[in-house]
Amino acid sequence: MILQSEKVYNFERIFNLRMGRGTSKFHDAPDRGLGPVWEDEWMARPEYFDEKLKEFGEKIEGLSVKEKVALLQKHRRKQWEELKMAVYKRRGWNKNGIPTMKTVKRLGLDYPDVVALLEKNLKPEDEFEEA
């Protein structure tokens with residue numbers, strides 16, 4: 001069952017790629033999912049959010065709430081990107097979120113039209129370095 005779900009999830013990525021939306025660009029968390037986006041949200045729990053910025057090593061004295069919101073969003077966006085890359089690597093995708101040839105072969109999804117689509121979209125510079 002786990003293998004079947006892995007096949008389905010990879011085939012979904014391939015299908016999305018075919019439809020023009022199967023890359024990292026379309027696999028993003030909204031700002032809302034990363035933390036407060038409005039000043040009044042920050043002000044509902046200022047100590048908590050100030051502490052989060054301090055954990056990132058930021059000096060926050062003298063910053064406006066708007067600047068703090070933007071700074072926290074920047075740090076959390078970076079964390080999101082790191083998490084996304086870790087997931088892509090673990091799933092056998094490249095840095096652009098596209099399943100690699102090795103992955104589709106392992107899963108038995110290497111149909112001629114899938115291989116042709118991947119050959120058109122996979123780029124060597126998007127591959128993860130071998131450990």
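FYI, it's all coordinate maths here, none of it is from the lab. Values in this document were obtained by computation on a predicted structure and should not be read as measured data. Neighbour counts are summed over all protein chains in view; Cβ atoms, including those assigned to glycine, are modelled from backbone coordinates with ideal geometry.
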Note to self: Whole angstrom only: what separates the Cα centroid of the stretch 58-126 from the Cα centroid of the stretch 1-27?
What the structure shows: 13
Notebook entry, point to check: In debye to the nearest 20, how big a dipole does the chain give about its Cα centre with +1 on each Lys and Arg Cβ and -1 on each Asp and Glu Cβ?
Noted result: 500
Notebook entry, point to check: Under the Karplus relation 6.51 cos²θ - 1.76 cosθ + 1.60, θ = phi - 60°, what is the ordered set of whole-Hz ³J(HN,Hα) values for the stretch 67-79, x standing for Gly and Pro?
Noted result: 5, 5, 4, 5, 5, 5, 4, 4, 5, 6, 5, 4, 4
Note to self: In the chain, if the dipole is taken from +1 on Lys/Arg beta carbons and -1 on Asp/Glu beta carbons about the Cα centre, which of I2, M85, A116 is farthest to the positive end?
What the structure shows: A116
Note to self: Using 22 Å as the Cα-Cα cut-off, could you pick out the over-long pairs in K7/K105; K7/K84; K54/K89?
What the structure shows: K54/K89
Check: Which log10 I(q)/I(0) values, to two decimals, does the chain give at q = 0.10, 0.14 Å⁻¹ under the Debye formula with one point per Cα?
Finding: -0.47, -0.72
Item checked: Cα lying deepest toward the dipole's positive end in the stretch 1-130, options M101, P36, G22, charges on Cβ -> M101
Checklist line | Neighbour-limited loop hits for trypsin sites (Lys or Arg not before Pro), the stretch 46-131 (at most 16 other Cβ within 10 Å; DSSP other than H, G, I, E, B) | finding: K59, K95
Check: From the phi of every residue in the stretch 14-19, what ³J(HN,Hα) in whole Hz does the Karplus formula 6.51 cos²θ - 1.76 cosθ + 1.60 yield, where θ is phi - 60° and glycine or proline is x?
Finding: 5, 4, 4, 4, 4, 8
